[in-house]
Amino acid sequence: MPDVYAPLQIKEGELIMDADRMVLNAYDASAVEEALVLKEKHGGEVEVVCIGPAKASETIRKALAMGADKATHIIASGDEEYDSASYAKILSAFFKDKEYDVIGLGKQSQDTDSGLTGSMVAEHLSLPYTTNAVGLEVENGNLVVKRQGDSGQEMIELPTPCAVTCSNDMNDPRIPNLKGIMASKRKPIDQVEISSLGIDETELQADTKVTSYEEKPARQAGKKYEGEAEEVAREVAQLLDTEANVL
Amino acid sequence: MSTILTYIAISDGKLKRSSLEVLSHCKSLADAAGASCEAVVIDANASSFIEGIQKYGASKVHVVEDPIFKNHMNTPLLKALSKVMSSINPSVFAFASTEGTKDVLGALAANQNAAVIADVASFKLIDGGVTAKRPVMAAKIMNNTEAKSDKVLVSVRSGSYDLNESPESAEVVNIDFSMDDSEMKSTLREIISASGDTIDLNEAEAIVAAGRGVKDEDGKALISELASVLKAGIGASRALTESGVYDPSLQIGQTGKVVSPQLYIAVGISGAIQHVAGMANSKVIVAINKDPDAPIFEVADYGIVGDLYKVLPPFIEEIKKIKS
Ligand SMILES: Cc1cc2nc3c(=O)[nH]c(=O)nc-3n(C[C@H](O)[C@H](O)[C@H](O)COP(=O)(O)OP(=O)(O)OC[C@H]3O[C@@H](n4cnc5c(N)ncnc54)[C@H](O)[C@@H]3O)c2cc1C
């Protein structure tokens, strides 16, 4: 995804990013981290899959440098107007004839926060799934997920194969070290064309479309009260009552 | 006549206010478009909520009642929602953007081959679909997203619309539901509930939110006291939910909850973009921070520059005086 922290501008409804760089989504980084932890505990192999234009290969290298074993880069030109549903269809077509125990995904992407793709993929592949995972364990070959719900955490047991979308509250993704970075250069990245996945192009046409961008109605910064703590505390409390009317 | 359907979420045995906000909005959309405004409630005690739903103008309330819906689980909920959609065939199906909704929305769209726009700040009908405004790029800006389809799912952030009562003697439609154990794809083992605080942050009129500046039990006690004087919910920044000082359910921000109370008091919170993403729509924001350059002051209506341990005691005392 594009770097949400890079400077941006809106010109006539279009979004213009100053830096043309792609970064690894924080929530996906947590999914990669958790996969590596599971591998360290239980063995197995960690493979990463990314749909993106050529420049997305940097983010794939990052996941490999963290410790993933191999990668598949599903090549998109970057000009397609795909939405979550299109991406989910591409991923599902890719996974259809693959063997895996767990598909881990980010619970949302930092730029759009839609959070739809994970459960779409699960539905297309008829997989048991859960979202917003904040913890994972393997017990008796099943995945036990701690999911952050609306008011509490749910402990959910899923048979494999299954899909799970990860929160960044799950872990702190490791920062690749030099050794990891060097090793990543030798790891294989399989390049796959979308057209080779056997999906009808019209299937991928997005039902949703971003038509324009706009500034948020800005909040005016209010007044800052500095000085003796006791005094300013009482002053602001009074203002909340008499001026803001919120007490 | 087309149908605009609203999903009414039940949480901890109560109607979620955020879904009634969505219903209020759908009622006005339906009236303007000459569409039928209907609601669906899916719960172990679904029928007990019908009256509460009628107040907000649904002309039909669809009820799916089954013990399996006592706790949130995505397999039965998805099955029920799919059945509801196939039988009612709404042109728009609107949800409050709760964690429960987020767990099934994408899957439902895939299952029903419907277009979907998640987590919007507002939406309206256009020819052939829906257009919505969504906060994007860590909520720095908004975009306009259009969905063109005869079936559109949309989920709405809490606090986006006001409650608007328009009582209607709704027709009640019971929808049969049964689920075999063998259909369950996963097992819910247990629920670890948030300890103590029961005020739903999405519905709280006031929130006192603690950040890393709140360092110890004394600090937590001050937060609790301020919250209790204000009858406020307690929220927290990621710094304090991550370190286990506060329950993870209390996290406010991009990863956590999006809230919009009348009064939000940020105590010892720096105002990182991901935190602000979850609270910038609060009506009045107060920030207490010892760093005069903390970014939280850029969004605060009232900024108190000072040590929270020195500011909070007289602040609490003064509010007590005002309240008595
Ligand atoms: C993808 C992503 C999602 C995220 N989602 C969220 C989210 O949902 N919610 C969230 O909160 N964060 C989120 N974060 C983390 C966020 O970036 C910040 O790290 C976090 O909000 C910082 O919390 P804080 O303000 O409490 O701590 P800090 O940034 O450490 O700030 C502490 C503040 O306390 C002040 N302070 C210290 N002592 C005192 C005192 N005695 N009196 C007064 N003031 C004092 C300091 O001046 C400082 O401003 C996310 C990050 C990422 C990358």
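Annotations for the structure displayed:
- Summarising the amide proton neighbourhood of A:Gly149: residues at separation of 5 or more, or on other chains, whose placed amide H is nearer than 5 Å comprise A:Glu154.
- About the Cα centre, charge dipole magnitude for the stretch B:206-323 (Lys/Arg +1, Asp/Glu -1 at Cβ), debye: 320
- Of the accessible area of chain A, computed with a 1.4 Å probe over protein heavy atoms only, carbon and sulfur atoms account for 47 percent.
- Counting only lysines at least 8 places from A:Lys55 when in the same chain, those with an alpha carbon closer than 19 Å to its own are A:Lys70, A:Lys185, A:Lys187.
- Cross-link reach is defined here as a Cα-Cα straight distance under 21 Å, omitting same-chain residues fewer than 8 places apart; for A:Lys224 the lysines meeting it are B:Lys283, B:Lys290, B:Lys310.
- Whole-number D in µm² s⁻¹ for chain A, Kirkwood Cα-pair radius fed into Stokes-Einstein, 20 °C, 1.002 mPa s: 104
- Once the convex hull of all Cα atoms in the stretch B:206-323 is built, its volume per residue stands at 87 Å³.
- Nearest 10 degrees, 0 to 90: helix B:217-230 Cα axis against chain B principal axis: 60
- Expressed as a whole percent, the accessible area of the stretch B:1-147 that falls on carbon and sulfur atoms is 47 (1.4 Å probe).
- Residues of the stretch B:206-323: accessible area per residue with a 1.4 Å probe, Å²: 35
- B:Leu153 long-range amide H proximity, modeled H, under 5 Å: B:Phe93, B:Ala115, B:Val116, B:Ile117
- Straight-distance candidates among the aspartates and glutamates for linking to A:Lys146, with alpha-carbon spacing under 12 Å and chain neighbours fewer than 8 residues away dropped: A:Glu137, A:Glu154, A:Glu157, A:Asp169, B:Glu190.
- Legend: distances between Cα atoms for B:Lys102/B:Lys231; A:Lys11/B:Lys133; A:Lys62/A:Lys216; A:Lys89/B:Lys102; pairs beyond 21 Å are B:Lys102/B:Lys231; A:Lys62/A:Lys216.
- Largest to smallest principal axis extent of the C-alpha atoms in the protein assembly as shown, angstrom: 70, 66, 54
- Heavy-atom accessible area for A:His124, with the other protein chains in place and a 1.4 Å probe, reaches approximately 80 Å².
- Pairs of Cα atoms nearer than 8 Å and 6+ residues apart set the relative contact order; for chain B it is 14 percent.
- Length-normalised contact order for the stretch A:23-94 - Cα pairs under 8 Å, 6+ apart - percent: 31
- Å² of accessible area per residue within chain A, as computed with a 1.4 Å probe and no ligands counted: 49
- Signed unit charges on C-beta, dipole axis of the protein assembly as shown, positive-most listed residue A:Ser86, B:Leu188, B:Asn71: A:Ser86
- Interface burial for A against B (accessible surface, 1.4 Å probe, total of both chains, Å², rounded to 100): 7300
- Computed in the context of the full set of protein chains, the accessible area of the stretch B:206-323 at 1.4 Å probe radius has 51% of its extent on carbon or sulfur.
- Chain B, dipole about Cα centre (Lys/Arg Cβ +1, Asp/Glu Cβ -1), debye to the nearest 20: 560
- The radius of gyration of the Cα set in the stretch B:3-183, together with its Dmax, comes out at 15.2, 46 angstrom.
The values are calculated or read from the model by the stated rules, or taken from the named source; none is laboratory data. On a predicted model such as this, the values are computed, not experimentally measured, just so you know. Cβ: placed from backbone, ideal geometry, glycine included. Neighbour counts: every protein chain shown. The accessibility values were calculated without ligands, DNA or RNA, using every heavy atom of the protein model including side chains. Shrake-Rupley method; radii C 1.70, N 1.55, O 1.52, S 1.80 Å.
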